[in-house]
Amino acid sequence: MKQHFSMLAAYNAWANGLIYDAAGELGDAALWEDAGVAFTSLGGTLNHILVADRIWLKRFTGQGDAPAALDTILFRDLPRLHEARRAEDDRIADYVAGLTSENLRGRFSYLTVSDMRTISQRLAPALAHFFNHQTHHRGQAHAALTRLSGKAPSLDLIAFQRNEAGRAFA
């Protein structure tokens, strides 16, 4: 499982880089335009992914900032948002690198953001959700990029595995 989660952490960073590079070709107005996706705009969706990652990493590690609302806008400036995204991707990779099989089989408890319930679950399924959530919303960011610019990069996991960055996981 650890190898699988290491692959997902590396894939996550790679895919985020592609999304942010493509978003960087848009102007600020397009970034915040209603694109008909969750969290309204590409900028809102990219902020949400970072917000959710920070919430989950706080749950997993007990460290870092965890915004109180899922629609928090951390950064309106794309370069600052991208810088924060890269730092969070590094933090994710470091966290996964430090996990053991025992950690992955273990349980943890956390408080939900949406309805303030305490949940206890095994770590491995929570990590699967964590990475799936990123992929889900990156798909929405991909749709927004396609709508706004007419093109978006391929984010397929197999494309990552066939790329130099992901070849070790193929």
(message) Let me check something: with ligands and nucleic acids excluded, how do 137, 129 order by accessible area (1.4 Å probe), largest to smallest?
(response) 129, 137
(message) At 1.4 Å probe size, put 151, 2 in order of accessible surface, largest to smallest.
(response) 151, 2
(message) Let me see the P(r) profile for the chain: every Cα-Cα distance counted, bins of 10 Å, each bin given as a percent of all pairs.
(response) 10, 39, 35, 15, 1
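Could you tell me the convex hull volume per residue, in Å³, taken over the Cα atoms of the stretch 94-170? Present the calculation step by step, with values, prior to reporting the outcome.
Details: hull volume 10.0 nm³, N = 77.
Considering the Cα atoms of the stretch 94-170, their hull volume per residue is 130 Å³.
The values are calculated or read from the model by the stated rules, or taken from the named source; none is laboratory data. All values derive from a computational prediction rather than experimental measurement. Note: accessible area is taken over every heavy atom of the protein model, side chains too, but ligands, DNA and RNA are not part of it. Shrake-Rupley method; radii C 1.70, N 1.55, O 1.52, S 1.80 Å.
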